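Presented below is the structure to which this report refers.
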Amino acid sequence: MKSIMKNCLSITATLLLITACNSQGHVDPSSSNIMKSKNSKVIINNIPLSYQVSIDGYDSRFINDLLEASVKISSKDATQHTLEYKFKWYDATGFETAESLSIWKPFVLDASDSIALKALAITPKVETFKFYIRGKQ
């Protein structure tokens with residue numbers, strides 16, 4: 001009886017999750033995806049945006065002691081998306097540098113298209129970055 005009850009609860013929870021995800025058909029303007037380059041971990045904290053846009057990869061390199069970051073974004077559907085992104089830069093101790101220069105930059109991602117978004121750190125103290133993306137506000 002306990003096993004049947006667990007299975008019923010599991011199925012119900014799964015159906016609720018699927019229903020909740022399917023009811024989110026647009027890009028939430030307050031949504032964001034975060035990617036940390038230091039440990040190659042991608043954190044997606046907004047389900048509706050993750051169904052429509054994917055972070056396909058990233059790369060970083062040093063050019064004249066400045067970190068250059070590139071993030072590849074793809075549209076997963078046949079809809080044009082108006083989005084904005086920003087890079088945040090961090091030093092070796094994990095503190096953000098040049099906070100005031102980290103601003104949202106708008107861009108358009110065409111239907112079923114990919115784009116590489118790039119930025120260059122402004123100080124040689126930068127060791128890593130975080131990338132944020134959201135619907136245009």
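Numerical summary
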quantity: Qualifying residue in segment 94-105 (condition: closer than 20 Å to residue 57 by Cβ and out of contact with any Gly (no Cβ under 9 Å at 6 or more places or on another chain)); calculated: yes
quantity: Residue under evaluation residue 49, criteria (1) surrounded by 13 or more Cβ atoms within 10 Å (Cβ to Cβ); (2) aliphatic (A, V, I, L, M); (3) modelled with pLDDT of 85 or more, criterion not met; calculated: (3)
quantity: Qualifying positions in segment 66-107 - exposed (fewer than 12 other Cβ atoms within 10 Å of the Cβ), touching a residue at least 12 places away in the same chain (Cβ under 8 Å) and hydrophobic (A, V, I, L, M, F, W, C); calculated: 78, 92, 103
quantity: Long-range neighbours under 7 Å by Cβ, at least six apart or interchain, first residue touching a residue at least 24 places away in the same chain (Cβ under 8 Å) within segment 113-128, second assigned to a loop (DSSP other than H, G, I, E, B); calculated: 122/98; 123/98; 124/65; 127/92; 128/37; 128/38
quantity: Residues of segment 110-129 that turn out to be more than 11 Å from residue 66 (Cα to Cα) and in a loop (DSSP other than H, G, I, E, B), as a count; calculated: 4
quantity: Positions within segment 50-60 being within 11 Å of residue 118 (Cβ to Cβ) and touching a Leu at 6+ places or on another chain (Cβ under 8 Å), in sequence order; calculated: 60
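The values are calculated or read from the model by the stated rules, or taken from the named source; none is laboratory data. Everything numeric in this text was worked out from a predicted model, so none of it was measured. Here Cβ is always computed from backbone atoms with ideal geometry, including for glycine, and neighbour counts include all displayed protein chains.
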